[in-house]
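A.B. asks: Sending over a structure as structure tokens; questions will come in a sec.
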Amino acid sequence: MQRPEIENRRYKRAFFTLEEELLILFRVDEKTPTALAARVMNISRGGMGLIAKRGVERILEKGMRLSIVEFGIQGADTIRTDGALAADVRWILDNDFLDHVGFGCQYLDPDAAVVTQIEQFINDRLPGRLDWCRE
């Protein structure tokens with residue numbers, strides 16, 4: 001017997017492909033003197049699902065706080081959040097057979113202006129992807 005999947009998430013998500021090259025730069029306190037990059041795989045008003053190159057798993061820990069400093073599209077324009085958007089790492093997917101490490105982050109008391117700025121950035125460059133922003 002197959003049971004229906006129950007969606008427990010509070011917010012709807014929008015998904016992105018690697019080819020869309022949506023990315024963030026983030027810092028992890030004193031452990032990262034320079035910003036680290038991650039690709040955005042999905043985003044909602046509550047957080048993001050990300051992937052990063054191998055090696056980041058040595059820095060990330062569940063519950064760790066990230067400071068998101070930049071959001072953009074690889075090789076194109078970006079917006080600087082300068083740490084106005086903080087998020088906690090909620091889960092990490094680290095399997096040896098994967099080329100990347102996946103992790104999910106939940107925003108912490110996000111600045112509404114920054115969230116709106118990110119939503120507008122995505123809507124301007126990838127029309128229709130964030131239709132839930134209009135709900």
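A.B. asks: So the check is Cβ under 7 Å with 6+ separation or different chains; which pairs have a first residue in the range 58-79 that's over 28 Å from residue 120 (Cα atoms) and a second one that's among the acidic types (Asp, Glu)?
C.D. replies: Listed pairs, sorted by first residue: 63/88.
A.B. asks: For the range 1-42, which positions are acidic (Asp, Glu) and either surrounded by 14 or more Cβ atoms within 10 Å (Cβ to Cβ) or at pLDDT below 80 (or both)? I'd like the intermediate steps shown before the answer.
C.D. replies: First, the residues of the range 1-42 that are acidic (Asp, Glu): 5, 7, 19-21, 29-30.
Answer for the range 1-42, where residues must be acidic (Asp, Glu) and either surrounded by 14 or more Cβ atoms within 10 Å (Cβ to Cβ) or at pLDDT below 80 (or both): 5, 7, 20, 21, 29, 30.
A.B. asks: Quick one: would you say residue 60 is within 26 Å of residue 96 (Cβ to Cβ) and modelled with pLDDT under 90?
C.D. replies: When the stated conditions are applied, residue 60 passes them.
The values are calculated or read from the model by the stated rules, or taken from the named source; none is laboratory data. Quick caveat, the model's predicted, so the values are computed rather than measured. So basically every Cβ, Gly included, is an ideal-geometry build from the backbone, and we count neighbours across all protein chains shown.
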